[in-house]
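Below is one structure, written out as structure tokens, with a few remarks after it.
The values are calculated or read from the model by the stated rules, or taken from the named source; none is laboratory data. It should be emphasised that the depicted structure is a prediction, and the values quoted were computed from it without experimental measurement. Here the Cβ positions follow ideal geometry from the backbone for every residue, glycine too, while neighbour counts run over all protein chains shown. Note: accessible area is taken over every heavy atom of the protein model, side chains too, but ligands, DNA and RNA are not part of it. Shrake-Rupley method; radii C 1.70, N 1.55, O 1.52, S 1.80 Å.
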Amino acid sequence: MLVSRCVVPFSLGTFIKHLPILKRTTFCPYRIRPKTITTTRTLCSSYFETLDSHQKEQIHLYVDTLLEWNQRMNLTAVKEVNEVMERHIEDSLAIIPPIRNSYFSHCSPSSSNNLSLVDVGSGAGLPGLVLAIACPGWEVTLMESMNKRCLFLEHVVSHIGLSNVQVVRGRAENLGQVLCFREKFDVAVARAVAEMRVLAEYCLPLVCVGGLFVAAKGHDPEVEVRNAEKAIQILGASVLQLCPVESHSPYGQRTAIVCLKTSPTLRKYPRDPGTPEKTPL
């Protein structure tokens, strides 16, 4: 079992998460803005039902552990098993089709089953830990700044018996400047940690050239995405497509924003902790 904990001697901070909801992919793109953004709808009745029996058991162990630890610390506002399955598990699993389809189409068609993925601001392990269960060929890094959440992540990874997960404690602004993490991942994912301009600066320095940054957003993120296009370009990437998906949110839909990294990120990014949020690009 690979459960490594990398403690970086920098100040800690909190990454707040919010996961989108995606379902089985049917790609039929239409333009939101000429030559810039493509929208693709993803639909699925239940991705959980596509897992094998061992993966389902691992998911149930994770949910039970999450709710048990949630009585002692604030990991999720959701208190019931069924609601966790709908709002967290299905949402996390639903991000897999956009990742696989985008990586296959625009990155490397031969390696979408063996990706290195970082979940920035992982919190309770959503979506990263769920992705690690569903995609055992992926090497998943759960990046979280709060020590108590890292303790939970390490415990649940050990309890489930996952060998493809490591837990890393630290802020994205600091870890993005560390050579063992900088531009080392095929994919970076995040659940609404911040607005797109800020989130891009957290995630894109961690993504290798030719990799993907996938941000989970709300039902209507087009204005936010357009406002972030300059920042995304400065960081070496471009918006590839928007993937609206049905969800259990009040609006019945969320969006996965997929960005393709095409050139190295300038060494001055990410900036010092707190700067991206105070002064977005």
Is segment 79-175 best put as rounded, prolate or oblate by its Cα gyration tensor, with a ≥ b ≥ c the root eigenvalues, rounded for a/c under 1.5, and otherwise prolate when a/b is larger than b/c, oblate when not?
oblate
How would segment 188-281 be classified by its alpha-carbon gyration tensor: rounded, prolate or oblate, with rounded meaning a/c under 1.5 and the a/b versus b/c comparison settling the rest?
prolate
A student asked for the Cα radius of gyration and Dmax of segment 47-278 in angstrom ought to give 16.6, 46
Of the listed pairs K148/K261; K79/K184; K184/K230, those with alpha carbons more than 29 Å apart are K148/K261; K79/K184
Roll a 1.4 angstrom probe over the protein heavy atoms and tell me the percent of accessible area of segment 47-278 that is carbon or sulfur.
47
With r as the distance between the Cβ atoms of C180 and I234 and R0 = 25 Å, compute the FRET efficiency 1/(1 + (r/R0)^6) and round to 0.05.
0.55
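Would you please put 222-230, 162-170 in order of how densely packed they are, using the mean number of other Cβ atoms within 10 angstrom per residue and starting with the highest?
162-170, 222-230
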Sorted by chain and number, the residues with a modelled amide H under 5 Å from that of A94, at a separation of 5 or more or across chains, are L22
Mean Cβ count within 10 Å, highest first, over the residues of peptides 53-63, 98-108, 253-263, 176-186
253-263, 98-108, 176-186, 53-63
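Would you mind putting 130-136, 81-87, 146-152 in packing order, based on average other-beta-carbon counts within 10 Å, highest first? Write out the running numbers ahead of the final one.
Values: 130-136: 23.6, 81-87: 16.1, 146-152: 18.1.
Sorting 130-136, 81-87, 146-152 by mean packing, highest first, produces 130-136, 146-152, 81-87.
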Rounded, prolate or oblate for segment 122-184? Axes are the square roots of the Cα gyration tensor eigenvalues, ordered a ≥ b ≥ c, and the cut-off for rounded is a/c under 1.5.
oblate
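Once the Cβ-Cβ distance between A77 and N147 is put in as r, and R0 is 30 Å, what FRET efficiency do you end up with, to the nearest 0.05?
Numbers: r = 21 Å, r/R0 = 0.70.
After rounding to 0.05, the efficiency reads 0.90.
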